[in-house]
Amino acid sequence: MKRTSIFIACLICLMTINTDASENYPQIEIVTTSGAIVVELDRNRAPKTVENFLNYVESGAYIGTIFHRVIPGFVIQTGGYDVNLDEIDTLPEIINESGNGLKNQRMSLGMARTNEPHSASSQFYINLNDNFSLDPMPTRWGYAVFGDVIDGFSVVDDIASNATQTTKGFQDVPVAPIIILEVKRID
């Protein structure tokens, strides 16, 4: 009887740990016309950014958006425009969490923004290299990292290898659109 009680207690502890991990580090699958990318978010270090991203995921806002900025050796960026390069509806801008200790290193996920530090809304990018120039400095804000690619590295590299063009005032747009087909939580 004592062994059974200990076993049940251990199972409960394991279930709690797993729940905490999925809440603090949710995993998202981004299915594109080039394949699937799985990212793990860091709610502990970037809580507002992760919450913002999950709101877009849960609302379906990213479905039909394209990778509109592809710069080999730098970033691939999405989450802001559809195939006609029309801007999607966005939520209010969020506070910049770039001082959270996460770095803009290869395969990290960051929030795109304008020159205004607290202007991020829906657009995000994946770093193709270590882009530490995007990290905060004592005299300026950086670009907030809020997760990492954990699967689909070859898909990211494939997207980065696409030929690009300038169209409708946008530079670095893939000639053949790379479309997000589905985005869902998988944890």
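Values in this text are rule-based calculations from the coordinates and carry no lab data. Because the structure is predicted, anything quoted here is derived from the model rather than measured. Every residue, glycine as well, gets a Cβ built from its backbone with ideal geometry; the counts of neighbours run over all protein chains shown.
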Under a Gaussian network model of the chain whose springs join Cα atoms within less than 10 Å, the largest fluctuation of Asp130, Asp158, Asp42 belongs to Asp158
Theoretical ellipticity at 222 nm over the chain - DSSP helices of four or more residues, -39500 (n - 2.57) apiece, nearest 500: -7500 deg cm²/dmol
Using θ = phi - 60° and the Karplus curve 6.51 cos²θ - 1.76 cosθ + 1.60, what whole-Hz ³J(HN,Hα) does each residue of the range 144-154 get, with Gly and Pro shown as x? 6, 8, 9, x, 9, 6, 10, 7, x, 4, 5
Would you mind checking the range 109-140 for residues with the amide N under 20 Å from a putative spin-label position 7 Å along Cα→C-beta of Asp86? 122-123
Would you work out the relative contact order for the chain, in percent, from Cα pairs under 8 angstrom that are 6 or more residues apart? 30 percent
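Order 99-111, 54-66 from most to least packed using the mean count of other Cβ atoms within 10 Å.
99-111, 54-66
Quick one: compute a quarter of the convex hull surface over the Cα atoms of the chain and quote it in nm².
12.4 nm²
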Multiplying the sequence separation of Ser22 and Leu181 by 0.36 nm and subtracting their Cα-Cα distance, what value in nm do you get? 54.9 nm
How high is the FRET efficiency between Glu116 and Glu51 when r is their beta carbon distance and R₀ equals 25 Å, given to the nearest 0.05? 0.80
Of Asp157, Asp148, Asp89, which is the most mobile in a GNM of the chain whose springs link Cα atoms less than 10 angstrom apart? Asp89
